[in-house]
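S.K.: Can you keep this structure in mind? I'll have questions shortly.
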Amino acid sequence: MKGKIIIFSAPSGSGKSTIINFLMQQNLNLAFSISATSRPPRGTEQHGIEYFFLSPEEFRQRIDRGEFLEYEEVYKDRYYGTLKEQVEKQLEQGQNVVLDVDVKGGCNIKKYYGDRALSVFIQPPSVEALRQRLIGRGTDSPEVIEDRIARAEYELSFADKFDTVVVNDDLEKAQQEALRILKDFLNE
Ligand code: ADP
Ligand code: 5GP
(Lines give C-alpha, C1' and ligand atoms only; values in the text may rest on other atoms or scores of the structure.)
(Ligands and ions follow the chains in the order given, each with its own letter.)
Protein backbone atom coordinates (compact mmCIF):
# COMPACT_ATOMS: atom_id res chain seq x y z
CA MET A 1 0.00 0.00 0.00
CA LYS A 2 1.42 3.35 -0.99
CA GLY A 3 1.15 6.37 1.32
CA LYS A 4 -1.28 9.27 1.39
CA ILE A 5 -0.81 13.02 1.01
CA ILE A 6 -1.65 15.68 3.59
CA ILE A 7 -1.48 19.27 2.40
CA PHE A 8 -1.26 22.24 4.80
CA SER A 9 -1.74 25.82 3.65
CA ALA A 10 -2.23 29.06 5.56
CA PRO A 11 -1.20 32.69 5.60
CA SER A 12 2.32 33.11 6.96
CA GLY A 13 2.26 33.35 10.77
CA SER A 14 -0.88 31.24 11.24
CA GLY A 15 1.09 28.60 13.13
CA LYS A 16 1.22 26.05 10.33
CA SER A 17 4.87 25.02 10.95
CA THR A 18 4.21 24.74 14.70
CA ILE A 19 1.24 22.45 14.10
CA ILE A 20 3.09 20.38 11.47
CA ASN A 21 6.06 19.93 13.84
CA PHE A 22 3.68 18.66 16.52
CA LEU A 23 2.04 16.21 14.09
CA MET A 24 5.41 14.92 12.85
CA GLN A 25 6.20 13.80 16.41
CA GLN A 26 3.08 11.60 16.62
CA ASN A 27 3.13 8.00 15.49
CA LEU A 28 1.49 8.54 12.10
CA ASN A 29 4.23 7.41 9.70
CA LEU A 30 4.54 10.94 8.31
CA ALA A 31 7.36 12.22 6.13
CA PHE A 32 7.80 15.93 5.46
CA SER A 33 8.25 16.89 1.82
CA ILE A 34 11.17 19.31 1.77
CA SER A 35 10.47 22.05 -0.77
CA ALA A 36 12.97 24.12 -2.68
CA THR A 37 13.01 27.90 -2.29
CA SER A 38 14.99 30.86 -3.58
CA ARG A 39 14.53 32.80 -0.32
CA PRO A 40 17.41 32.87 2.17
CA PRO A 41 17.29 30.72 5.35
CA ARG A 42 15.76 32.40 8.41
CA GLY A 43 16.52 31.79 12.08
CA THR A 44 17.89 28.28 12.64
CA GLU A 45 16.76 26.90 9.26
CA GLN A 46 19.16 24.50 7.56
CA HIS A 47 19.62 23.37 3.97
CA GLY A 48 18.00 19.96 3.52
CA ILE A 49 15.94 20.20 6.74
CA GLU A 50 13.28 22.91 6.31
CA TYR A 51 14.05 23.62 2.64
CA PHE A 52 16.57 23.14 -0.11
CA PHE A 53 17.81 26.72 -0.37
CA LEU A 54 18.67 27.43 -4.01
CA SER A 55 19.93 30.51 -5.83
CA PRO A 56 17.40 32.00 -8.29
CA GLU A 57 19.52 30.54 -11.17
CA GLU A 58 19.50 27.03 -9.69
CA PHE A 59 15.75 27.30 -9.12
CA ARG A 60 15.19 28.27 -12.76
CA GLN A 61 17.38 25.40 -13.99
CA ARG A 62 15.30 22.93 -12.00
CA ILE A 63 12.12 24.40 -13.48
CA ASP A 64 13.61 23.91 -16.97
CA ARG A 65 14.54 20.33 -16.13
CA GLY A 66 10.91 19.64 -15.10
CA GLU A 67 11.86 18.67 -11.54
CA PHE A 68 8.86 20.35 -9.86
CA LEU A 69 5.42 18.88 -9.23
CA GLU A 70 4.35 22.52 -8.80
CA TYR A 71 6.02 25.82 -8.02
CA GLU A 72 4.86 29.38 -7.28
CA GLU A 73 6.35 32.84 -6.95
CA VAL A 74 4.71 33.28 -3.53
CA TYR A 75 6.30 36.67 -2.84
CA LYS A 76 8.05 38.89 -5.35
CA ASP A 77 11.24 37.14 -6.56
CA ARG A 78 10.74 34.41 -3.95
CA TYR A 79 10.07 31.06 -5.56
CA TYR A 80 8.93 27.92 -3.76
CA GLY A 81 8.40 24.51 -5.31
CA THR A 82 7.58 20.89 -4.51
CA LEU A 83 10.13 18.47 -5.90
CA LYS A 84 8.59 15.46 -7.69
CA GLU A 85 11.40 13.22 -6.53
CA GLN A 86 10.79 14.01 -2.84
CA VAL A 87 7.10 13.20 -2.91
CA GLU A 88 7.25 10.15 -5.18
CA LYS A 89 10.10 8.53 -3.24
CA GLN A 90 8.34 8.97 0.09
CA LEU A 91 5.02 7.69 -1.27
CA GLU A 92 6.72 4.64 -2.82
CA GLN A 93 8.20 3.86 0.59
CA GLY A 94 4.68 3.78 2.01
CA GLN A 95 5.06 6.97 4.02
CA ASN A 96 2.32 9.56 4.35
CA VAL A 97 3.65 12.76 2.87
CA VAL A 98 3.08 16.14 4.55
CA LEU A 99 3.29 19.22 2.35
CA ASP A 100 3.53 22.82 3.55
CA VAL A 101 2.62 24.90 0.51
CA ASP A 102 0.95 28.19 -0.38
CA VAL A 103 -2.80 28.28 -1.14
CA LYS A 104 -2.44 27.94 -4.92
CA GLY A 105 0.05 25.10 -4.65
CA GLY A 106 -2.26 23.43 -2.11
CA CYS A 107 -5.25 23.54 -4.49
CA ASN A 108 -3.14 22.26 -7.42
CA ILE A 109 -1.73 19.32 -5.47
CA LYS A 110 -5.19 18.40 -4.16
CA LYS A 111 -6.52 18.41 -7.73
CA TYR A 112 -3.62 16.24 -8.88
CA TYR A 113 -3.95 13.58 -6.14
CA GLY A 114 -7.73 13.73 -5.58
CA ASP A 115 -9.05 11.44 -2.81
CA ARG A 116 -5.58 10.26 -2.02
CA ALA A 117 -4.90 13.74 -0.60
CA LEU A 118 -6.41 15.72 2.28
CA SER A 119 -6.09 19.49 2.15
CA VAL A 120 -6.09 21.37 5.47
CA PHE A 121 -6.29 25.15 5.82
CA ILE A 122 -4.91 26.60 9.07
CA GLN A 123 -6.81 29.80 9.82
CA PRO A 124 -5.58 32.51 12.22
CA PRO A 125 -8.14 34.21 14.50
CA SER A 126 -7.50 37.54 12.69
CA VAL A 127 -5.03 39.36 10.45
CA GLU A 128 -3.91 41.40 13.47
CA ALA A 129 -3.05 38.15 15.29
CA LEU A 130 -0.90 37.19 12.28
CA ARG A 131 1.00 40.44 12.52
CA GLN A 132 1.61 39.93 16.24
CA ARG A 133 2.78 36.36 15.68
CA LEU A 134 5.16 37.34 12.89
CA ILE A 135 6.60 40.13 15.05
CA GLY A 136 6.80 37.74 18.01
CA ARG A 137 8.57 35.06 15.94
CA GLY A 138 11.37 37.59 15.46
CA THR A 139 12.73 36.08 12.23
CA ASP A 140 11.61 38.61 9.59
CA SER A 141 12.32 42.27 8.90
CA PRO A 142 9.41 44.76 9.11
CA GLU A 143 9.30 44.89 5.25
CA VAL A 144 9.06 41.11 4.95
CA ILE A 145 6.32 41.06 7.60
CA GLU A 146 4.35 43.68 5.65
CA ASP A 147 4.69 41.64 2.42
CA ARG A 148 3.27 38.65 4.25
CA ILE A 149 0.39 40.59 5.83
CA ALA A 150 -0.44 42.16 2.47
CA ARG A 151 -0.96 38.69 1.01
CA ALA A 152 -2.95 37.34 3.96
CA GLU A 153 -6.43 38.60 2.94
CA TYR A 154 -6.02 37.01 -0.49
CA GLU A 155 -4.89 33.73 1.07
CA LEU A 156 -7.78 33.72 3.57
CA SER A 157 -10.23 33.85 0.66
CA PHE A 158 -9.04 30.35 -0.34
CA ALA A 159 -10.17 28.68 2.92
CA ASP A 160 -13.39 27.23 1.47
CA LYS A 161 -11.48 25.49 -1.33
CA PHE A 162 -9.88 23.18 1.23
CA ASP A 163 -11.26 19.86 2.55
CA THR A 164 -11.12 21.15 6.11
CA VAL A 165 -10.31 24.30 8.10
CA VAL A 166 -8.63 24.34 11.52
CA VAL A 167 -8.77 27.65 13.39
CA ASN A 168 -5.54 28.18 15.32
CA ASP A 169 -6.56 30.40 18.21
CA ASP A 170 -5.72 28.17 21.16
CA LEU A 171 -2.65 26.21 19.95
CA GLU A 172 -3.26 23.11 22.09
CA LYS A 173 -6.84 22.83 20.81
CA ALA A 174 -5.78 23.34 17.19
CA GLN A 175 -3.07 20.67 17.49
CA GLN A 176 -5.52 18.13 18.93
CA GLU A 177 -8.09 18.91 16.24
CA ALA A 178 -5.49 18.52 13.48
CA LEU A 179 -4.35 15.23 15.03
CA ARG A 180 -7.90 13.86 15.06
CA ILE A 181 -8.49 14.93 11.44
CA LEU A 182 -5.27 13.24 10.29
CA LYS A 183 -6.02 10.03 12.19
CA ASP A 184 -9.50 9.86 10.62
CA PHE A 185 -8.10 10.41 7.13
CA LEU A 186 -5.25 7.92 7.50
CA ASN A 187 -7.62 5.25 8.84
CA GLU A 188 -10.09 5.61 5.94
P1 ADP B 1 3.68 29.67 9.93
O2 ADP B 1 4.43 28.39 9.72
O3 ADP B 1 2.22 29.52 9.63
O4 ADP B 1 4.29 30.85 9.24
P5 ADP B 1 4.64 29.52 12.70
O6 ADP B 1 4.32 28.11 13.07
O7 ADP B 1 6.07 29.87 12.45
O8 ADP B 1 3.71 30.02 11.49
O9 ADP B 1 4.04 30.44 13.86
C10 ADP B 1 4.26 31.85 13.88
C11 ADP B 1 4.52 32.30 15.32
O12 ADP B 1 3.29 32.23 16.06
C13 ADP B 1 5.52 31.43 16.07
O14 ADP B 1 6.35 32.26 16.87
C15 ADP B 1 4.63 30.51 16.91
O16 ADP B 1 5.30 30.10 18.09
C17 ADP B 1 3.44 31.39 17.21
N18 ADP B 1 2.14 30.69 17.39
C19 ADP B 1 1.70 29.56 16.76
N20 ADP B 1 0.45 29.24 17.13
C21 ADP B 1 0.06 30.17 18.03
C22 ADP B 1 -1.14 30.39 18.81
N23 ADP B 1 -2.22 29.57 18.72
N24 ADP B 1 -1.16 31.44 19.63
C25 ADP B 1 -0.11 32.30 19.71
N26 ADP B 1 1.05 32.14 19.03
C27 ADP B 1 1.14 31.11 18.18
P1 5GP C 1 7.96 30.61 4.35
O2 5GP C 1 8.84 31.61 3.66
O3 5GP C 1 7.19 31.22 5.49
O4 5GP C 1 8.69 29.35 4.76
O5 5GP C 1 6.87 30.14 3.31
C6 5GP C 1 6.10 31.09 2.62
C7 5GP C 1 4.98 30.42 1.90
O8 5GP C 1 5.49 29.54 0.87
C9 5GP C 1 4.10 29.53 2.80
O10 5GP C 1 2.74 29.78 2.44
C11 5GP C 1 4.51 28.14 2.43
O12 5GP C 1 3.47 27.22 2.64
C13 5GP C 1 4.78 28.32 0.94
N14 5GP C 1 5.56 27.20 0.37
C15 5GP C 1 6.58 26.51 0.93
N16 5GP C 1 6.99 25.54 0.12
C17 5GP C 1 6.22 25.59 -0.99
C18 5GP C 1 6.14 24.81 -2.20
O19 5GP C 1 6.86 23.85 -2.42
N20 5GP C 1 5.20 25.18 -3.11
C21 5GP C 1 4.35 26.22 -2.90
N22 5GP C 1 3.45 26.47 -3.85
N23 5GP C 1 4.39 26.97 -1.79
C24 5GP C 1 5.31 26.66 -0.84
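The values are calculated or read from the model by the stated rules, or taken from the named source; none is laboratory data. Owing to the predicted nature of the structure, the values given are computational and were not obtained by experimental measurement. All Cβ positions, glycine included, derive from the backbone under ideal geometry; neighbour counts span all protein chains shown.
S.K.: I'm checking my understanding of the structure. Among residues of the stretch 89-102 that are surrounded by 14 or more Cβ atoms within 10 Å (Cβ to Cβ) and over 16 Å from the mean Cα position of the chain (by Cα), which one is nearest to LYS183 (Cα to Cα)? Outline the logic, then answer.
M.R.: Residues of the stretch 89-102 that are surrounded by 14 or more Cβ atoms within 10 Å (Cβ to Cβ), as a first pass: 89-91, 95-102.
Those still in the list that are over 16 Å from the mean Cα position of the chain (by Cα) too: 89-91, 95.
Working: LYS89: 22, GLN90: 19, LEU91: 18, GLN95: 14 Å.
Ranking the qualifying residues of the stretch 89-102, first place goes to GLN95.
S.K.: Take the residues of the stretch 1-27 that are among the hydroxyl-bearing types (Ser, Thr, Tyr) and not in a loop (DSSP other than H, G, I, E, B): which is nearest to ASN108 (Cα to Cα)?
M.R.: Our first condition is that a residue be among the hydroxyl-bearing types (Ser, Thr, Tyr); within the stretch 1-27, this holds for 9, 12, 14, 17-18.
Now narrow it down to the ones that are not in a loop (DSSP other than H, G, I, E, B): 9, 17-18.
Working: SER9: 12, SER17: 20, THR18: 23 Å.
Only one residue tops the list, namely SER9.
S.K.: Okay, next question. Restricting to the stretch 106-143, and then to whatever is under 17 Å from the mean Cα position of the chain (by Cα) and free of Cβ contacts under 8 Å to residues at least 40 places away in the same chain, can you tell me which residue is nearest to PRO11 (Cα to Cα)?
M.R.: ASN108
S.K.: Out of curiosity, is LEU69 in contact with a helix residue (DSSP H, G or I) (Cβ under 9 Å, 6 or more places away or on another chain) and either over 22 Å from GLU172 (Cβ atoms) or assigned to a loop (DSSP other than H, G, I, E, B) (or both)?
M.R.: The answer is yes for LEU69.
S.K.: A further question on this structure: Looking at (1) surrounded by 14 or more Cβ atoms within 10 Å (Cβ to Cβ); (2) away from ligand 1 (no atom under 16 Å from the Cβ); (3) not aromatic (Phe, Trp, Tyr), can you tell me which one ASP77 breaks?
M.R.: For ASP77, the failing item is (1).
S.K.: When you go through (1) modelled with pLDDT of 95 or more; (2) surrounded by 12 or more Cβ atoms within 10 Å (Cβ to Cβ); (3) more than 13 Å from PRO11 (Cβ to Cβ); (4) acidic (Asp, Glu) one by one for GLU172, which number turns out not to apply?
M.R.: (2)
S.K.: Right, another one. Condition first: crowded, with 18+ Cβ neighbours inside 10 Å and among the polar types (S, T, N, Q). Now tell me which residues in the stretch 20-59 satisfy that.
M.R.: Answer for the stretch 20-59, where residues must be crowded, with 18+ Cβ neighbours inside 10 Å and among the polar types (S, T, N, Q): SER33, SER35, THR37, SER38.
S.K.: Now for a different question. Can you find even one residue in the stretch 16-33 that is over 27 Å from LYS173 (Cα atoms) and either of a type in the set (D, E, K, R) or away from ligand 1 (no atom under 13 Å from the Cβ) (or both)? Show your work before the answer.
M.R.: In the first step, residues of the stretch 16-33 are kept if they are over 27 Å from LYS173 (Cα atoms); the result is none.
Within the stretch 16-33 (the criterion being over 27 Å from LYS173 (Cα atoms) and either of a type in the set (D, E, K, R) or away from ligand 1 (no atom under 13 Å from the Cβ) (or both)), the answer is no, since none of the residues qualifies.
S.K.: Residue pairs, Cβ under 6 Å, 6 or more apart or interchain, first in the stretch 71-87 and of a type in the set (Val, Ile, Thr), second within 16 Å of ligand 1 (Cβ to nearest atom) and part of a strand (DSSP E or B). List them.
M.R.: From residues that are of a type in the set (Val, Ile, Thr), the pairs are VAL74/TYR80; THR82/SER35.
S.K.: Just to be sure before I move on: is GLY66 within 14 Å of ligand 2 (Cβ to nearest atom) and at pLDDT 95 or above in the structure I sent? Full working, then the answer.
M.R.: Details: within 14 Å of ligand 2 (Cβ to nearest atom): no; at pLDDT 95 or above: yes.
Against the criterion (within 14 Å of ligand 2 (Cβ to nearest atom) and at pLDDT 95 or above), GLY66 does not qualify.
S.K.: Further, regarding this structure: Can we say GLU92 is closer than 26 Å to LEU156 by Cβ, more than 16 Å from ligand 1 (Cβ to nearest atom) and among the acidic types (Asp, Glu)?
M.R.: On the way: closer than 26 Å to LEU156 by Cβ: no; more than 16 Å from ligand 1 (Cβ to nearest atom): yes; among the acidic types (Asp, Glu): yes.
The answer is no for GLU92.
S.K.: Still on this structure, please answer the following. Tell me which residues, restricted to the stretch 28-53, are part of a loop (DSSP other than H, G, I, E, B) and in contact with a helix residue (DSSP H, G or I) (Cβ under 7 Å, 6 or more places away or on another chain). It would help to see each step written out before you state the result.
M.R.: First, pick out the residues of the stretch 28-53 that are part of a loop (DSSP other than H, G, I, E, B): 28-29, 33-34, 38-46, 48-50.
Those that are part of a loop (DSSP other than H, G, I, E, B) and in contact with a helix residue (DSSP H, G or I) (Cβ under 7 Å, 6 or more places away or on another chain): LEU28, SER33, ILE34, SER38.
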